[in-house]
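The values are calculated or read from the model by the stated rules, or taken from the named source; none is laboratory data. Since the structure is predicted, the reported quantities are computational estimates derived from the model, not experimental observations. Cβ placement follows ideal geometry from the backbone for every residue including glycine, while neighbour counts extend to all protein chains displayed.
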Amino acid sequence: MGLNPSALALPAYSVPDVMAELIHDSLPYARFIAGRDSGQLTVRKPEPSSISAVREVSSRVGDAGVLSGADLEVLALALELKRGGLSPAIVSDDYAIQNVSETLGIKHASLSTFGIARKFDWIYYCPACFRKYTVENAGQQCRVCGTRLKRKVARKEKATKRVGHCKR
Ligand SMILES: [Zn+2]
């Protein structure tokens, strides 16, 4: 989403599924590759057992349906890093990721913390009958046909830049 791993003061980690989601020849892709090649960004696939652990927690808190494969991998890798003695923070503006990371006791930070002025809005919808839902229905089932709801990015918009404000 525009975060430059090479500009971070701390080591950065990501997962293969996130790399697969990036559009080739885009700036985020170029930054991802440059970060990986310089050693600043470690791309690691989490163990299946970590993914199962995250899946279990997310189904308990009701966010399993809205987490993508990449989301699950990010959370699972953070869990592994934490178990390995590190203190990871997940950078994401996604509500479901923040919710599950809190349940796992993993820190999270929003993109605005890093000065990224781009916001993603999610639309929740039924993949079977295409009815639209709001964020309150995240993780639930379609009221009409019972299919588990999915989400997609509605639009990217420039968020208002907060000047002179620091969260930390
Ligand atoms: Zn439906």
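Structure notes:
- Residue within region 71-88 that is within 27 Å of L22 (Cβ to Cβ) and modelled with pLDDT under 85 present: no
- Entry remark, region 51-60: residues being hydroxyl-bearing (S, T, Y) and over 16 Å from the mean Cα position of the chain (by Cα) number 2 in total.
- Of all the listed residues (R60, R31), the sole one being touching a residue at least 12 places away in the same chain (Cβ under 8 Å), surrounded by 13 or more Cβ atoms within 10 Å (Cβ to Cβ) and not small (G, A, S) is R31.
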